[in-house]
Amino acid sequence: MRVRKVLATVMAGIMTFSLCACSSSTGSAPASSGSSSGDTIKIGVFEPSTGDSASGGKKEILGMQYANSETPTVEVGGKTYNVELVMADNGSSADKAPSAASELVGKDVSLVLGSYGSGVSMAGGPKFEEAGLAAIGVTCTNPNVTAGNDYYFRICFLDNFQADVLANFAIDKFSAKKAYCLGENGNEYDQGLVVFFKQVFEAAGGEVITDSFPTNNSDFTSYLNKAKSEGADVIFTPVSIAYAKQIMEQAASLDIGIPFLGSDTLDDNMVLEATKGTNLQLYVSTFYQEGGSEEFDKGIKEYINGNSSALTANGGNDTISAVTAMGYDAYYVALEAIKAAGSGDKAAIKSAISGVKYDGVSGSIAFDEVGDAVRDTAYIKTADTATGTWEFEKVQTGSAK
Amino acid sequence: MKQKKINLRALAAIAVMLLIIILLENISSIIPGLPQVFWPTSPLFTVLKKAAVYSLVAVSMNLLNGFTGLFSLGQAGFMLLGAYTYAILMVPAASKEQVYYLFGGCAFNSSIIDILGGIFGTTGVGGAISMIIGCIIAIILAGCVAGFFAYLIGFPVLRLKSDYLAIATLGFAEILRAIFQWQKLGKITNGANMIKGFPTFSSFNITDGAGHEIVRLSTFVPFLISTVCIVIIVLLINSSYGRAFKSIRDDEVAAEAMGINLFSHKMLSFVISSFFAGVGGALFAMYVANAQAKAFTSVMTYEILLIVVIGGIGSVSGSVLATFLYVACSEWWLRFLDSELYIGSFKVPFLRNGFRMVVFSIVIMVIVLFFSQGIMGEKEISLAALFDRSSRKKERKE
Amino acid sequence: MEYVISILLSGISVGGQYALIAIGYTLVYGILRLINFAHGDVFMVAGLLGIYFTATLPIGGSLPLVILVTVLLGFTIERAAYKPLRNAPRMSVMISAIGVSYLLQNTATYVTGGQPMTYPTIPFLSDTVNVAGTQTKWVVIITPILVLVLVFALTQLINRTKIGMAMRAVSKDFETSRLMGIKINSVISVTFIIGSALAAVGSILFFTNYPAITPTAGAMPGLKAFVAAVFGGIGSIPGAVIGAFLIGICETIIKGLPSAWDVSVFSDAFTFALLIIILVFKPQGLFGEAATDKV
C-alpha cells in the first residue's frame, strides 16, 4: 500500500519535473517572435519513417537531405542563413499526424515539406493552417490535400491526372478493352485512383472490373487468378509498396501473362527487384525518370553510396526513386519561396509560395490558385526484368480537357 | 450532509481545473515573452486535447472492463460509429460536393449546422449558437448510434464469457471497419476517403471580425465535454446500478442470487460504455479534423486497454491520469529518442527512428509485470481525502 | 475449372499455414487459458530471422537455426512475461501478451526500419509446378502434407508420452495436477516450445509463398489462426487444424467470387462473422468439450 503511494508520488514528481525540463529547455532557446532565429532557417520535414509508408517517406527525405547537403545555405536580403531540416515522423497514421505536425509548429520552422501519403497530409494540414504555416506537399496526390486548405501547396500531379494518363496509356499501348483494378480496401489513395481510372477507361468504351483486398492481406493469387479468368487485358494496381511487391512476386509464380499498370508508388526499387528475372510486364507512371538530369543522377548516387544510412533508406541499392527527385525539387522550391519572401517569416513565405516558379529535375513547377502544381505530363516507365532497372517508355499526357 | 459537502468540493475543483485550462490556453496572449511551451502552437496543447479525448474513451472502457468485469475489445468499433455519425451529420451542405468528390455528393444533402443555421442565422452570434447547439446534438447522436449498435450486438455476444467476449467484440469492430470502407456505401461513408470539413475544436476559438483569435477555447472544449461525461460515469458507478455492476464483476453467481438481473445489467453497462465510446469517437474526429475508418483498428483498442491497465482496472482517476501520462510520453516527451543525438562528437547509440516506440513498449512491459495493479489499483484520487485527511482519521477512530 | 482448382489450391495452402499457427494458440489456451496475442508476432519474428540467417548462412544450416531461435524466443517470452503473472488475474496475463506483441512489433520496426523485407527463395519449395493447368509453387502442395504429418506426430506425443499425459492433465485441472506432483512450469514451457517450433515451420512455409514481411505481418494470420482454434474447439488439435483449413478455404473462395458482387473485401470480416456465429450457437466450438463452471 505505502510502496504504491510512494511510487505514485515519485511518478507524479517525474511528470512535473519532465514538464519543467521541457519548458526550460525550449525556453532557453532565443524566443524571437519571428520564425527564424539567429542565422538559421528551419524547414520542417513532415514524413513517415515508421509505419506502412515508411519506405516511401524515407526515400523522399533522402532527396531533401541530399539537396540540403548540396545547398546548405540560403541568401536572403544580403545575409546568408544556414538551412536546417527538422524531422518529424508522422508514423504513416492519421492519428499520429496531428501531434507530429504540432511538434514541427512548436519547433518554429519556417515552412514544411511533406508528406508522402495523402492521408497524413490531410490530418496534419489543419494544424499547419491554424499556425499560419505553409506546407508544400511533395508526392501527396489526393485532391483533398490542397482543396479547402489555403496553407497547403503541392508540387506533384493529382490522382485524377495520373489515372487519366494510365487509362490512356492502356488504350494506346495495349488497345485494352477490359481492365482489372485492384486496390486496398479503405485506402483513399488506391480507391481514388481506381475510381478515376474507371471513369476515363469506361468513357473511352472499355470495361472495368474493380476489386479490393482487406488490409494486411497477403494472398493475392485468388485475385490474380480471377483477373485471368475474367479475361482482363491489363491489371491496374495502384497499391502501396509492400502490397505491390507481394502482387508482383505472386504474379510471377502464377505466370500470369497480363501486363500490369501501376501508379507512382510502384516506382520503387523493391517492386523492381520483385520483377527481376521474371516475365512480368510492369508499367508505371511517375514524376521522374532516371536520366532526366545527369547531374542530379550522378550526385545523388554518390550521396547514397557514400552514406550507409542513406543506402539502407534507399533499400540497399542506388536506383533513384521518383519520390527522391521530388523531395530534391521540393527543397529547392522551399528555398525559392524563402528568397521570394525575403525572410524566414512564415507568413511572408506563405504568401510568396504561390508566385514561385522553379525548373526542377522533375520538370517545371508553378502553382495554380488552389495551390496545386501545374503539370501536364507524366513519365511512363517499364521494368526491364532482365537487368532489374527501369526503362523509359514514353511521356504521356492526359486526355484533352 | 457530509456527502453533499464533498460533492460541492468536487464540483468546485472541477470548475477550477477548467478555469486553469482556459487560462493556460490564453496565458501567452496575456503575458508576452513566456517560454514556448505556453504558446498556442506548443505540443502541450495537442497532447492535452488528445489526452482529454482518450481519457473519456479509457474511462468508458474501464466502466465495462473494470467495473462490470466484461472483457470487451470493441472500443475502436464504437468510436468509429461515433466519429462517422458526427462527421456525416456535421459537414455543411456547401462542402459536401467537394468532400464526397468521388461519389458526386452525399446521400444526405444537408447537415445539422445548415438546419440550425436556418433558425439562428449563419453569421455572428447566431452562427456561433447554431454551431454550438449543432455540435452538442451531433455528439449526443454519435453516442446514441454507438449505443444502439451496442444494444443490437449485445444480444448475442453478452452471453459469452471473458476471452470469448473479447474476441467476438474485436471481430465485430473489424467487421464494422470493413463495412465503412466499402466503396458501395460511398454516398454515405465516403468509402475509403476521409470525411472532413466539419467543425473541430479550433472552431470554438472566439475570433474578431478579422479572424484574429481573442479567446482560445480549443483545448477547453474537449476538457469540458470529457469532464461532463466522466462525471456522469462516476455518478453512475456510485449509484445502485454501479454497485450492481461491481457485484457482477466480483461474483456473477452471488450477484444473481441477490436478485440482480445479470443480462439486463450487463447490457446496460455495455450500452452506456459504448455510448461514451461513441462520444469519444466524435471528439476524436474533432481532434484529428477528419473521420476515416482506417484509423479505428484493433491497435487503437489495445492502446486504450493498455491505458486502462496502466491506470488501474477499476479506478476512474487512474484511467485519466494514465491517459495523460501515456499520451504525453508517446507523443511528446520520448520524441527525442527518435532523432540521432550527439554529445560533443560522441554519437549516442541506438537513437534512431523507431527507438521511441521500443523504449515505450519496454516501459509498458515493466508496468504490466511489476505493477500489475496499475498506478492506482482500485483506488481513486479523492479530493475529500486530500482535503480532510485529518477529519477522516478521526472518523475512523470513532 | 482451372480457376476453381487454383482457388482451392491457395485455400488449402493458406489453411495449412493457419493450422500451424493455430496449434500454438490452442495448446497454450488449453493449458493456461490465455489468448497468446504475441504468438502471431513470434511467427513474424521467425520470418525475419529467416531473412537474416539466410543472408549469412547456407539454407541448410539456417532453417534449423530459425526454428531453434524461435523456440528460444517463445520460451523466454513465457518465462519473462507470463510466468511472473501466474497468480495474477487472467486479464493481466492477456494484457502482458498484448504488451509483448507491441514490443515485438516495435522492435521489428526499429530493426528493419519499417521497410518490407523480402524472404529468400528456398530451393525446391519456391520452384513452380503445374497442377491441372494451374501454375503454382511446390510449397502450396507440400504445406497440407507437412501439416498432416506434424499433427499426427503431435497427437502421438500428446497421447502416448509422459509429457503429453502431463499436458492433458494440466489442461483438465491446473490445481489438481500440481498437487499430483506434475511440474507445471516445465509442462507450460514444453507447450510454448512446441507452439513456437510450429510457428517457425509455419513462417517458413507462409513467407516462401508470400515473401514480404512487414512488422505487422503476423497480426492478421495470428488473429485468424486464433479464430480457427476457437472454431475447432479450443484445446483440440484436430479441431484447430480442421478449423484452419475451413477458414483458409472459405476465405479464398470469398476472395475469388465474381468481382461484380464486390464482396471480396469482406473476406476478413467473414472470418469474424463466422466466429461470432459459432460462439453464439456452439460456444465450445466444433470439437471442444463443453466447459462446466464450478460454483
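Read-outs throughout are calculated quantities, based only on the coordinates presented, and are distinct from any laboratory measurement. What you see is a predicted model, and the numbers here were worked out from it, not measured in a lab. Ideal geometry is used to build each Cβ from the backbone, glycine not excepted, and the neighbour counts take in all protein chains shown.
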Among A:Asp297, A:Asp268, A:Asp159, the residue with the largest mean-square fluctuation in a Gaussian network model of chain A built from Cα contacts under 10 Å is A:Asp297
Applying 1/(1 + (r/R0)^6) with R0 = 56 Å to the Cβ-Cβ distance of B:Ile179 and B:Ile31, what FRET efficiency is obtained, to the nearest 0.05? 0.65
Just how large is the dipole of chain A about the Cα centre, in debye to the nearest 20, putting +1 at every Lys and Arg Cβ and -1 at every Asp and Glu Cβ? 1080 debye
Most fluctuating residue given options B:Val221, B:Val57, B:Val299, as computed from a GNM of chain B linking Cα atoms under 10 Å: B:Val299
Based on the Cα coordinates of segment B:113-271, what is the per residue volume of their convex hull in Å³? 161 Å³
Take the eigenvalues of the Cα gyration tensor for segment B:97-196, scale each by 5, and report the square roots as semi-axes in whole Å, largest first. 34, 20, 9
Taking max minus min of the Cα coordinates of segment A:200-323 on each principal axis, largest first, gives extents in Å of 48, 32, 27
To one decimal place, what Kirkwood hydrodynamic radius in Å is obtained for segment C:19-121 from all pairs of distinct Cα atoms? 14.6 Å
Quick check on my link table: of B:Lys49/B:Lys294; B:Lys161/C:Lys172; A:Lys228/B:Lys96; B:Lys161/B:Lys184; A:Lys226/C:Lys137, which ones sit more than 29 Å apart, alpha carbon to alpha carbon? A:Lys228/B:Lys96; B:Lys161/B:Lys184
³J(HN,Hα), Karplus 6.51/-1.76/1.60, whole Hz, each residue of segment B:129-145, x for Gly, Pro: 4, 5, 5, 5, 5, x, 4, 4, 4, 5, 5, 5, 4, 4, x, 5, 4
Whose amide H sits under 5 Å from the amide H of A:Lys178, counting only residues 5 or more places off or on another chain, with H placed in the peptide plane? A:Glu207, A:Asp233, A:Val234
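Hey, could you get me the Stokes-Einstein D for segment A:315-401, Kirkwood radius over alpha-carbon pairs, 20 °C and 1.002 mPa s, rounded to whole µm² s⁻¹? Before the final figure, lay out the partial values.
Working: Rh = 15.2 Å.
Roughly 141 µm²/s, to the nearest whole number.
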With each label point set 7 Å from Cα along the Cα-Cβ vector, what nm distance links C:Thr155 and A:Val395? 6.8 nm
Residue list for segment B:138-162, given a label point 7 angstrom along the Cα-to-Cβ vector of C:Arg90 and an amide N cut-off under 20 Å: B:156-162
Surpassing 19 Å at the alpha-carbon level, of the pairs A:Lys59/B:Lys50; A:Lys58/A:Lys301; A:Lys42/B:Lys196, are A:Lys59/B:Lys50; A:Lys42/B:Lys196
Please identify which residues in segment B:273-291 have an amide N closer than 20 Å to a label point set 7 Å out from the Cα of B:Ile132, following the Cα→Cβ vector. B:283, B:286-287
Rounded if a/c under 1.5, otherwise prolate or oblate - segment A:293-353, Cα gyration tensor axes: prolate
Any idea what log10 I(q)/I(0) is at q = 0.14 Å⁻¹ for chain A, Debye with uniform C-alpha scatterers and no solvent? -1.18
Assign one of three labels to chain B, namely rounded, prolate or oblate, based on the Cα gyration tensor with a ≥ b ≥ c the square roots of its eigenvalues; rounded applies when a/c is under 1.5, prolate when it is not and a/b is larger than b/c, and oblate otherwise. rounded
Quickly work out the C:Ile5-to-B:Ala257 label distance, labels modelled 7 Å from Cα along the C-beta direction, and quote it in nm with one decimal. 6.5 nm
First measure r as the distance between the Cβ atoms of A:Glu202 and A:Val374, then evaluate 1/(1 + (r/R0)^6) with R0 = 30 Å and state the FRET efficiency to the nearest 0.05. 0.65
Residue span C:Val280 to C:Phe75: 0.36 nm per residue of separation minus Cα-Cα distance leaves a gain in nm of 70.4 nm
Rounded to two decimals, the Debye log10 I(q)/I(0) of chain C (Cα scatterers, no solvent) at q = 0.09, 0.10, 0.16 Å⁻¹ is -0.43, -0.54, -1.36
Using a Förster distance of 51 Å, the FRET efficiency for A:Glu84-C:Ala260 (Cβ separation, nearest 0.05): 0.40
For C:Lys83, which lysines qualify as cross-link partners when the Cα separation must be under 18 Å and same-chain residues fewer than eight apart are set aside? C:Lys183
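Pairwise over distinct Cα atoms, reciprocal of the mean inverse distance: report the Kirkwood radius of segment B:249-374 in Å, one decimal place.
This gives a value of 17.8 Å.
Rg(Cα) of segment A:131-175 divided by 2.2 N^0.38 Å? Mind showing how you got there, number by number?
Numbers: Rg = 14.3 Å, N = 45, 2.2 N^0.38 = 9.3 Å.
My calculation over the Cα atoms of segment A:131-175 gives 1.53.
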For C:Cys250, A:Cys140, order by how many other beta-carbon atoms lie within 10 Å, fewest first: C:Cys250, A:Cys140
If one builds a Gaussian network model of chain C from Cα atoms under 10 Å apart, the most fluctuating residue listed among C:Thr56, C:Thr252, C:Thr121 is C:Thr56
In Å, the Kirkwood hydrodynamic radius of segment B:177-249 over pairs of distinct alpha carbons? 16.4 Å
Placed amide H near A:Ile365: partners under 5 Å, 5+ positions off or other chain: A:Tyr358, A:Asp359, A:Gly360
For segment A:58-112, what does the alpha-carbon gyration tensor say about shape, rounded, prolate or oblate, given a ≥ b ≥ c as the root eigenvalues, a/c under 1.5 as rounded, and a/b over b/c as prolate? oblate
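At 20 °C and 1.002 mPa s, grab the translational diffusion coefficient of the protein assembly as shown from Stokes-Einstein with a Kirkwood Rh over Cα pairs, rounded to a whole number in µm² per second.
Details: Rh = 30.3 Å.
Stokes-Einstein gives a translational diffusion coefficient of 71 µm²/s.
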So what's the back-of-envelope 222 nm ellipticity for chain B, counting only DSSP H runs of four-plus at -39500 (n - 2.57) apiece and dividing by all residues, rounded to 500? -21500 deg cm²/dmol
